[in-house]
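All remarks here apply to the structure that follows.
The values are calculated or read from the model by the stated rules, or taken from the named source; none is laboratory data. Just so you know, these numbers come straight off a predicted model, no measurement behind them. Glycine also receives a Cβ, built like all others from the backbone with ideal geometry; neighbour counts cover every protein chain displayed. Ligands, DNA and RNA are excluded from the accessible area calculation, which covers all protein heavy atoms including side chains. Shrake-Rupley method; radii C 1.70, N 1.55, O 1.52, S 1.80 Å.
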Amino acid sequence: MKKTIIIITLLLAQAASAASHGGKITGVRLGGYIGSRIDECIAGRVMTQDLDEILRPYAHKTETSLWQSEFWGKWMLGACDSYRYNGDKALLSKIEYAVNELLKTQSPDGYIGNYAPEARLAQWDVWGQKYTLLGLQAYYGISHDKRALDAARRVADYLLSLVGPDGADIATLGNYRGLAAGSILEPMVFLYNNTGDVRYLDFAEWIVSRWETPAGPQLVSKALAGIPVAERFLPVPDAMHWTDNGHKAYEMMSCYIGLLELYKVTGNPSYLKAVEMAAGKIIEQEITIAGSASSTECFWHGAQRQTTPAYLSNETCVTYTWMELCDRLYRITGSPVYVDQIEKSMYNALQAALKRGGKNIASYVPLEGFRRIGERQCGLNFNCCEANGPRGFALIPALALTTEANTVYVNLYNPMSGTVVTSAADRISLDVATDYPATGSIAIEIGTKKPATFALALRIPLWSRNNRVSVNGEAITDAVLPGSYCKIERLWKPGDKVTLELELEGRLIFLNESQAILRGPVVFARDSRFNDGFVDETVAIEHDAGNRVVMSPIIADKPDFAWLAFRVNALTSIYSGDKQSFRPIAVCDFGSAGNTWDESTRYKVWLPRTIETADRHTWW
């Protein structure tokens with residue numbers, strides 16, 4: 001594969017001290033496969049959205065139970081982040097139209113939503129107002145248009161007139177034991193940040209206090225007690241609807257995202273600790289090999305049970321919200337653990353969800369079967385995951401490069417360009433040459449008009465056991481440890497070159513009499529289009545004592561449908577005469593598997609293991 005070279009321009013402070021303020025990264029642009037997929041999502045999904053369709057319910061205000069009012073806000077969040085990334089004037093014009101038309105639907109009392117007056121606060125109404133508040137403030141963030149902030153304040157004030165210590169209890173409103181309504185915590189904290197009005201902060205603190213009542217989801221106390229997210233509540237006797245389930249993954253994580261924002265304002269250590277402990281349980285017990293979670297959109301101990309097909313598994317709204325939660329945690333803690341999680345989701349579940357051309361996003365990405373378009377929801381030609389998915393793609397550029405104090409962190413190894421602006425404004429350029437994750441080679445060349453002192457921190461993924469870093473050909477002697485940052489602080493001169501070699505090797509993972517193949521951050525699957533056997537057949541993948549798998553790249557006859565394709569040796573269940581023997585089978589990246597989006601193509605990640613009753617090294 002041809003290596004891509006793209007120049008990264010950074011503006012860094014010269015010889016800044018450890019106490020200096022961090023720079024601001026702007027203008028990040030990604031190349032390579034991931035960059036093309038981001039562009040595809042913006043062009044095919046964000047730019048083609050029928051805005052009049054998702055605006056119509058706000059004008060009618062006749063709903064009593066459904067969730068049409070989430071779609072405008074979700075689209076707006078993805079659109080604003082996409083605009084931050086590409087600066088496209090046509091996209092900005094579309095965003096401005098969406099805002100202007102929404103503001104026309106605001107009632108004299110401040111309400112923006114789709115619910116009839118007699119049904120206010122029921123079902124998804126508060127949830128929808130959350131997304132309206134988030135969307136308006138996202139637009140305010142890119143435009144500084146005071147009309148949007150004023151409209152958001154009126155929406156919030158209307159809600160505060162109905163909900164609070166002297167009104168309705170947030171813990172008993174809406175669906176999923178108050179999780180959906182309680183997630184309005186996040187935009188309330190943002191409103192406090194944007195206005196300084198303490199009423200919004202007081203309301204945010206009140207929401208958390210109501211969570212901890214017997215009627216609430218007890219998100220803080222149960223997290224601090226170490227209770228698994230799939231075991232927070234016993235089944236409700238005679239429950240009228242599955243929305244009584246308190247384990248709904250997307251809504252629960254949305255509440256924890258709000259709690260992190262409240263922590264940033266208050267500094268209450270129990271808030272951060274609760275989210276960290278909940279995230280730890282999600283990593284340990286829920287996240288699948290593809291970087292998503294959920295069955296029927298709920299937590300279900302999926303990490304252990306993922307080898308068994310599950311109904312409505314790996315919802316794309318869950319994939320994105322997990323990425324968002326990890327992104328918020330990373331920006332507070334600086335831990336590369338959360339970046340590792342985002343990278344896994346980014347290369348696997350997120351890519352699998354986006355159809356070629358970018359027009360459609362799958363609601364669910366099971367680990368076997370076939371891809372399919374999501375259901376059309378609420379009488380619209382749209383669904384929640386198609387609204388949320390672009391937010392996952394737009395999150396990537398902002399994470400690829402980050403900065404703190406006098407350190408630039410390289411979190412994702414994609415061809416990219418960007419700038420870090422500091423008060424000293426020294427201009428540093430970095431030329432990055434890499435075809436990661438096809439190989440593990442990354443080369444970074446420093447270009448500067450004059451020497452500059454700063455630290456370059458390279459993320460070393462947890463899966464990469466043996467790593468090499470050098471500067472100008474001289475090896476870094478300090479340990480380059482998996483799951484950490486290799487931080488190189490020095491006086492950088494024009495032409496300095498950093499090289500990083502990650503150990504990209506095939507790895508075999510065993511679980512529940514099944515096996516799966518990983519290479520770096522990418523999960524691989526069999527696909528029926530390779531025509532090399534029944535994808536559901538039992539196999540024994542050839543591996544060494546360290547579970548390493550030899551993966552031979554498919555180059556000459558690589559199929560057009562696959563981004564990455566390899567062959568591995570497998571002992572299959574097919575008997576071939578007088579003995580059984582290994583034969584090559586093909587696998588491709590999970591994101592490419594099944595990307596015809598029809599039942600004619602079947603794929604499978606977890607491959608059933610062949611039971612061998614004799615020593616295969618001697619019996620033949």
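For region 157-305, what's the radius of gyration and Dmax over Cα atoms, in angstrom?
Rg and Dmax of region 157-305, Cα atoms, are 15.3, 47 Å.
So what is the orientation-averaged projected area of region 262-328, using the convex hull of its C-alpha atoms, in nm²?
Result: a mean projected hull area of 4.6 nm².
Leaving ligands, DNA and RNA out of it, report the carbon-plus-sulfur percent of the accessible area of the chain at a 1.4 Å probe.
52
Run through region 359-414 and list the trypsin sites (Lys or Arg not before Pro) located in a DSSP loop whose Cβ has at most 11 other Cβ atoms within 10 Å.
Within region 359-414, the qualifying trypsin sites (Lys or Arg not before Pro) (loop, at most 11 other Cβ atoms within 10 Å) are Arg376.
Along the charge dipole of the chain, which of Cys486, Ser292, Gly302 sits closest to the positive end, that is, farthest toward it, with unit charges on the beta carbon of Lys, Arg, Asp and Glu (+1, +1, -1, -1)?
Most positive-ward Cα: Cys486.
Rounding to the nearest 20 debye, state how big the charge dipole of region 242-348 is about its Cα centre with +1 on each Lys and Arg Cβ and -1 on each Asp and Glu Cβ.
Computed about the Cα centre, the dipole is about 200 debye.
Only helices at least 18 Å long along their axis, Cα-based, and averaging 0.5 or more on Kyte-Doolittle count here, so list those DSSP H runs from the chain.
Helices meeting the criterion: 249-266, 384-400.
Of Tyr85, Tyr338, Phe590, whose Cα points farthest to the positive end of the dipole of the chain (charges on the beta-carbon: +1 Lys, Arg; -1 Asp, Glu; origin at the Cα centre)?
The Cα lying farthest towards the positive end belongs to Tyr85.
Tell me, what is the per residue accessible area of the chain in Å², probe radius 1.4 Å?
38
Which of (1) 28.1; (2) 56.1; (3) 29.8 is the computed mean projected area of the Cα convex hull in nm² for the structure on display?
The value computed from this structure is option (3).
Excluding same-chain residues fewer than 8 positions from Lys89, which lysines have a Cα within less than 30 Å of its Cα?
Lys24, Lys74, Lys104, Lys130, Lys146, Lys355, Lys359
What translational D, rounded to a whole number of µm²/s, comes out for region 64-208 from Stokes-Einstein when the hydrodynamic radius is the Kirkwood one over Cα pairs, at 4 °C and 1.567 mPa s?
The Stokes-Einstein estimate is 85 µm²/s.
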